[in-house]
1. Under 20 °C and 1.002 mPa s, how fast does the stretch 124-203 diffuse according to Stokes-Einstein, given a Kirkwood radius computed over C-alpha pairs? Answer in µm²/s, whole number.
2. How much net charge surrounds residue 58 when only the other residues with a Cβ under 13 Å from the Cβ of residue 58 are counted, with Lys and Arg +1 and Asp and Glu -1?
3. May I ask you to order 80-89, 36-45 by the average number of other C-beta atoms within 10 Å around their residues, highest value first?
4. What is the Cα centroid distance between the stretch 18-54 and the stretch 62-93, reported in whole angstrom?
5. Using a cut-off of 11 Å between beta-carbons, work out the net charge of the residues near residue 72 (Lys and Arg +1, Asp and Glu -1, residue 72 not included).
6. For the chain, set up a Gaussian network in which alpha carbons nearer than 10 Å are linked by springs, and say which option among 187, 107, 46 fluctuates the most.
7. Given axes a ≥ b ≥ c from the Cα gyration tensor, I'd like to know whether the stretch 74-145 is rounded (a/c under 1.5), prolate (a/b larger than b/c) or oblate.
8. Taking 1 over the mean of 1/r across every pair of different Cα atoms in the stretch 12-96, what Kirkwood radius in Å do you get?
Amino acid sequence: MLSDLNATDLFGGAGGKPKLVTVLTTGSGTYVPTEDGARCFVRRQGGGSSGIVGTGSGGGAGAMVETIERIPIAGMTYSVGAGGSTSGAAVAGGATRFGNLVAAGGGVPASGATAAGGLGGYMISGDVATGRFGVLPGVAGGAGGYSGGGGNPGWPPGFPVPVSSTTIPGQSTGASGYGGGGDSFYGKGGNGTAGAGSTTTGYGAGAGSCASGTSAGGGGKIEIWDFGA
């Protein structure tokens, strides 16, 4: 359950040290806190998308959503989103849920040799016509890189919407005809390459496009700092 807790409530007392730190990188279940109403800092990272195997653009990184909340002794259900993996058409990253809030997975690039990269997991969603938007706390995933021209790198976290011919470069690299994957909060997207395979070095990061083999986005993650009641 969400509450009016803030960072001072967590880090200001008892030396600011959590009683328990739990990291979940696969599967689903229920997290049971150290005691009823435990104060917890929770990060949710959505899974990253794969790129396209064959000439194409890179996959988007998943979003990271973080909250400070009290968790009842009955616990909170969770599920960790998988990274997209493919030897052909791109596969989107899975969403990661903890309690009521979800971190969106990274989006797939459109098909075609000069299509824009995949969208990064978003923090704002809604209806442009009405102006009714929902906002989550955290960082959007970086978009995948464009494959056209010399091939662009992926975008850094906070830049989820790709632009075909320009970029604010993230850490991945591109190659002619192959876009790099978007960076996540936790790490680097996979490089776009005319060789075999593209893998990431960060939870939730997007993979680049590659000529053959497997393009695999980073899986999601949940990080829970439990400070007790």
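1. D = 166 µm²/s.
2. Here the count lands on 0.
3. Highest-to-lowest ranking by the protection proxy: 36-45, 80-89.
4. 7 Å
5. Neighbour charge sum, excluding residue 72 itself: -2.
6. Between 187, 107, 46, it is 187 that shows the largest mean-square fluctuation.
7. In terms of gyration-tensor shape, oblate.
8. Kirkwood hydrodynamic radius for the stretch 12-96: 14.9 Å.
The values are calculated or read from the model by the stated rules, or taken from the named source; none is laboratory data. Since this is a predicted model, take the numbers as computed values, not measurements. Quick reminder, even Gly has a Cβ in these numbers, built from the backbone with ideal geometry, and neighbours come from all protein chains shown. Heads up: the accessible areas ignore ligands, DNA and RNA and are worked out on the full protein's heavy atoms, side chains in. Shrake-Rupley method; radii C 1.70, N 1.55, O 1.52, S 1.80 Å.
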